[in-house]
Amino acid sequence: VAAYKAIAAALCVGVVDSYHSGIGGGGISLVKYAGQEPAVFDYREVAPAAAHKNMFDGMSPIASRWGGLAAAVPGEIRGYQELHKEYGRVPWSLLFEPAATIARRGFRMPLQVYLANAYIGPVLCTLARLNETYCHGAKLKQEGDLIVLPELAASLENIGKYGPDAFYSGEIAQGI
């Protein structure tokens, strides 16, 4: 039950604080029960198989931080899978329901997400997919504005229904 609550809470935080966490990232979890040694789960992102040490030579200084080459393979869902395998007591599908509900119904934009968006600036509103979610026309949504993420809700529901492979090799992976 503790693992369920931790994973469900992390997923919900990933929906509400999408800039700092979420299924496209990774993490580290520490599990400690009284009288037992702690268990550490490292499921941080990893470089894609084609990455190499010279891949950014001759490129823009920001190429390692922005754009397709800056992307890593997310570890979050596999990490949740390992946590669930070791400690889970409720069905896998239940882990994703709270976050999917929040993403589908919407939530008020927290200050930290607004500040992250404001840091990126107006360019965010020039990108069609992000404009649809985080902008009103050419103006950034403000703290407290409603954010609705139906595609994320559908992805979470698919991961809950079909397991981690839905994310890494299924329809979601193909979409990414």
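Only a single criterion out of (1) closer than 30 Å to Asp145 by Cβ; (2) in contact with a Pro (Cβ under 8 Å, 6 or more places away or on another chain); (3) at pLDDT 90 or above is not satisfied by Gln81, namely (1). Considered as a group, the residues in the stretch 78-92 that are open to solvent by 50 Å² or more (accessible area, probe 1.4 Å) and part of a helix (DSSP H, G or I) include one that is nearest to Glu45 (Cα to Cα), and that residue is Arg78. Within the stretch 41-65, being within 21 Å of the chain's Cα centre (by Cα), aromatic (Phe, Trp, Tyr) and outside any strand (DSSP E or B) holds for one residue alone: Tyr43. Among the residues of the stretch 20-40, the ones that are open to solvent by less than 70 Å² (accessible area, probe 1.4 Å), among the aliphatic types (A, V, I, L, M) and in a strand (DSSP E or B) come to 2 in all. Residue count for the stretch 93-128 satisfying the condition of being part of a helix (DSSP H, G or I) and touching a strand residue (DSSP E or B) at 6+ places or on another chain (Cβ under 7 Å): 4. The set of residues in the stretch 115-130 that are open to solvent by less than 50 Å² (accessible area, probe 1.4 Å) and of a type outside the set (Val, Ile, Thr) comprises Ala116, Asn117, Ala118, Gly121, Leu124, Cys125. May I ask you to verify whether Met59 is open to solvent by 60 Å² or more (accessible area, probe 1.4 Å) and among the aliphatic types (A, V, I, L, M)? Yes. Of the residues Ala70, Ala138, Ala154, which is open to solvent by 80 Å² or more (accessible area, probe 1.4 Å), among the small types (Gly, Ala, Ser) and either free of Cβ contacts under 8 Å to residues at least 12 places away in the same chain or more than 14 Å from Ser18 (Cβ to Cβ) (or both)? Matching residue, one of Ala70, Ala138, Ala154: Ala138.
Residue count for the stretch 129-155, restricted to those that are closer than 28 Å to Gln174 by Cα, out of contact with any Ser or Thr (no Cβ under 8 Å at 6 or more places or on another chain) and not in a helix (DSSP H, G or I): 1.
On the stretch given as the stretch 93-104, residues that are among the charged types (D, E, K, R) and buried (at least 19 other Cβ atoms within 10 Å of the Cβ) total 0.
Name the residues in the stretch 141-151 that are closer than 25 Å to Tyr80 by Cα, open to solvent by 30 Å² or more (accessible area, probe 1.4 Å) and hydrophobic (A, V, I, L, M, F, W, C), would you? If the condition is that a residue be closer than 25 Å to Tyr80 by Cα, open to solvent by 30 Å² or more (accessible area, probe 1.4 Å) and hydrophobic (A, V, I, L, M, F, W, C), then Val148 is the only one that fits.
The values are calculated or read from the model by the stated rules, or taken from the named source; none is laboratory data. Computed from a predicted model, the values in this text were never measured in an experiment. Neighbour counts are summed over all protein chains in view; Cβ atoms, including those assigned to glycine, are modelled from backbone coordinates with ideal geometry. Ligands, DNA and RNA are stripped out before the accessible areas are found, and what is left, the full protein with its side chains, is counted by its heavy atoms. Shrake-Rupley method; radii C 1.70, N 1.55, O 1.52, S 1.80 Å.
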